[in-house]
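See below for the structure under consideration.
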Amino acid sequence: MWRSVLAAGVLAASMSSSLAESWPQRAVHVIVPVSAGSGTDIAARLFAERLAERWRQPVVVENRPGGDGLVGTAAFAGARDDHLLMFSFGAALTIYPVVQERLPYDPDRDIVPIAAATSTYIAVVASLQSNIMSLRDMMDRAREQPGKLNYNAAAGELPYFFTGLLKGAGVDMVLITYRDLNLAYQDLTEGRIDIQMTTLSPMLPLAQAGRVRVLAVTNGKRAPMAPEIPTASEAGYPGLALEGLAGFFGLRDMPAERRERVAADVRAVADDPILSDRLLAIGQMARAGTPEEFSRELNERRATMAAMVKRLGAKPVQ
């Protein structure tokens, strides 16, 4: 009898392993909750191309923009498809649960982190008309002239992070918000806003054309495509350290074996030097890690964002 039970257990484990190894059996669809052509979208397509080669199945990217990522994330979380993944920045699990009283998904139940894939270079940029030359100059000017300087920060975590940092430093600057970041960039070049915190890649051409001044990147290391730009830590502001984080997510009923397998394939793709070069060209850096590492980083970032929001005294939006 015990031999029969043991044999049945071995057979079940073998069948489970076989099913895990046979995935995917058809095209895999990847929801990207931002518009086509954005940095996140381009990174998703670069990974999709290489994953399709490994899986020998098409990997189709579907853009679901709207609500700073909430529309696409909700569509993903509400799906029941074992061949559906999401590639997204981390805000859906880090800042939105903190600032939104009600979400169309449960961030702790409906979405499973699989693997980080990229880090985006984030920059603090000044208009030339402001005559701000460095981060220290920006802080000093803001203290000397409270409420005179204004700024914009791109979507997701950045407005809360930057605003929380300024308030914690006792600096008074006016936040200007935009629905369309392209309008913010235009106002920055024309001097209608003084400071912008956003991804580095769209700022570099403007800086090279002499239309804006990049003060620092907030990443831990200098950007290879602009090594002359210091990090915020090097400029004397380690509290401004922040990297744009994006990766792959699965649905809540995703088997652990498949999660590990997809994460391993993402790591293999991230190690490809050709892919790394293509990501650097759009201001991103390939990353690799385990599901546990990705989950831990997202949880730590949510705690950081919660502290920032508490510092601001902001209440969740209903």
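Laboratory data are not the source of any read-out in this text; all were calculated from the coordinates shown. Not measured: the values here are computed from a predicted model. Counting neighbours? That spans all protein chains shown, and the Cβs are built from the backbone with ideal geometry, glycine included.
Skipping prolines and chain starts, which residues have an amide H placed within reach, meaning under 5 Å, of the one on residue 251, given they are 5 or more residues away or on another chain?
112
Restricting attention to segment 201-233, which trypsin sites (Lys or Arg not before Pro) occupy a DSSP loop and are surrounded by at most 11 other Cβ atoms within 10 Å?
Here no loop site has a sparse enough neighbourhood.
How long are the semi-axes of the ellipsoid equivalent to segment 122-240, from square roots of 5 times the Cα gyration tensor eigenvalues, in whole Å, largest first?
Working: eigenvalues 69, 58, 39 Å².
Semi-axes (√(5λ), whole Å): 19, 17, 14.
At 0.36 nm per residue, and after removing the present C-alpha to C-alpha distance, how many nm does the segment from residue 128 to residue 53 gain when stretched out fully?
Full extension of this stretch gives 22.4 nm more.
Please list the helices of the chain that count as membrane-span-like by this rule: a mean Kyte-Doolittle hydropathy of at least 0.0 together with Cα atoms stretching 20 Å or more along the helix axis, each helix being a complete DSSP H run.
Details: long enough: 2-22 (30 Å, 0.79); 39-55 (24 Å, -0.23); 256-270 (21 Å, -0.46); 291-312 (32 Å, -0.85).
Correct list, ordered by number: 2-22.
Residue separation times 0.36 nm, minus the C-alpha to C-alpha distance between residue 293 and residue 176: what's the value?
Contour length minus Cα-Cα distance gives 38.6 nm.
What nm distance separates the two modelled labels at residue 35 and residue 228, each placed 7 Å from Cα along Cα→Cβ?
Label-label distance for residue 35 and residue 228, simple model: 3.1 nm.
Any idea what the dipole of segment 208-291 comes to, in debye rounded to 20, about its Cα centre with Lys/Arg Cβ at +1 and Asp/Glu Cβ at -1?
220
Give me the number: length gained by fully extending residue 190 to residue 260, i.e. 0.36 nm times residue separation minus the C-alpha to C-alpha distance, one decimal in nm.
20.3 nm
Return the loop-located trypsin sites (Lys or Arg not before Pro) in segment 109-178 (DSSP other than H, G, I, E, B) with at most 14 other Cβ atoms within 10 Å of their own Cβ; answer none if there are none.
109, 148
Setting aside same-chain residues fewer than 8 positions from residue 221, which aspartates and glutamates have a Cα under 12 Å from its Cα?
Within the straight-line cut-off, residue 221 pairs with 234, 243.
What relative contact order, as a whole-number percentage, does segment 122-240 give when Cα pairs under 8 Å and 6 or more residues apart are counted?
38
With viscosity set to 1.306 mPa s and temperature to 10 °C, compute the Stokes-Einstein D of segment 240-318, Rh being the Kirkwood radius across alpha carbon pairs; µm²/s, no decimals.
D = 106 µm²/s.
Quick one: work out the % antiparallel among DSSP beta bridges in the chain, nearest 5.
Counting DSSP beta bridges with both partners in the chain, the antiparallel share is about 60 percent.
So I have (1) 15; (2) 35; (3) 23, and one of them is percent of Cα pairs over 36 Å apart calculated from this model. Which one is it?
Computing percent of Cα pairs over 36 Å apart and matching it to (1) 15; (2) 35; (3) 23 gives (3).
Taking only C-alpha pairs under 8 Å that are 6+ residues apart, what is the relative contact order of the chain in percent?
For the chain, the relative contact order is 26 percent.
Can you give the % of DSSP beta bridges in segment 122-240 that are antiparallel, to the nearest 5?
Antiparallel bridges: around 60 percent, rounded to the nearest 5.
Placing +1 at every Lys and Arg Cβ and -1 at every Asp and Glu Cβ, with all other atoms neutral, what dipole size does the chain have around its Cα centre, in debye to the nearest 20? Walk me through the numbers on the way to the answer.
On the way: 34 positive and 35 negative charges, 60 e Å.
So the magnitude is around 280 debye.
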